[in-house]
Amino acid sequence: MKNKKLIISFILIIALNLIAVLGCLYLYSSIRNQREVVRQDMKNLALMEKKAQNIKLLELQSETLKTDVQKMEQVFLKEENIVGFIENLENLGKDAGVSVELSAVRMDEKNSKEPHFDLILKGSFNALFHYIVLLENLPYQIIFEKLNMSSKDKSWEARTVIILSSFISNKND
């Protein structure tokens, strides 16, 4: 009977140990699975942080590009803004004390798509010179194709043809 109790105790201890080992294996397996889930979540979080950082960087670059595009648009004159450019030529004449007459505006279709402006300017020599300097300082690229100056008494007259090189036509060729 003592042997039987000893054997039952021994079997019970072995069974309890086996249950404990199986419980530990189950806990170890659960922890390992959870560790893998946490590791994958950390990778996803790092990836999301990197994406957020890239988005912020792209937004900053986008803002920089917008200001660069605005600067470039100030240098190039679009076809729909040509009337404003002509008004600008006349206003510069008023500022310089020069009478500005626009005798012709033409497009040279053969060689380029740039508008040519034929101007007749009247005023003092200093005023004409000041007007030409103001034209050169416009934000657009202007080429003086011709410039003839003549004087009658104390009055000067200049006939000039300017080409607006920084012109963007709406026509797709």
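The values are calculated or read from the model by the stated rules, or taken from the named source; none is laboratory data. Remember, it's a predicted structure, so these values are computed and weren't measured experimentally. Glycine also receives a Cβ, built like all others from the backbone with ideal geometry; neighbour counts cover every protein chain displayed.
Screening the candidates N172, N148 for the property of being loosely packed, with under 11 Cβ neighbours inside 10 Å and at pLDDT 90 or above yields one hit, N148. Counting only residues that are within 20 Å of N91 (Cβ to Cβ) and either among the β-branched types (V, I, T) or part of a helix (DSSP H, G or I) (or both), the stretch 124-160 holds 13 of them.
Is it true that some residue in the stretch 82-95 is aromatic (F, W, Y), touching a strand residue (DSSP E or B) at 6+ places or on another chain (Cβ under 8 Å) and either at pLDDT below 90 or in a helix (DSSP H, G or I) (or both)? Yes, that holds for at least one residue. Apart from one condition, K4 fits all of (1) of a type outside the set (S, T, N, Q); (2) loosely packed, with under 10 Cβ neighbours inside 10 Å; (3) in contact with a Leu (Cβ under 6 Å, 6 or more places away or on another chain); the exception is (3).
Residues checked against (1) surrounded by 10 or more Cβ atoms within 10 Å (Cβ to Cβ); (2) of a type in the set (D, E); (3) within 30 Å of I142 (Cα to Cα):
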| site | (1), (2), (3) |
| --- | --- |
| I14 | yes, no, no |
| Q53 | yes, no, no |
| L57 | yes, no, no |
| E79 | yes, yes, yes |
| V83 | no, no, yes |
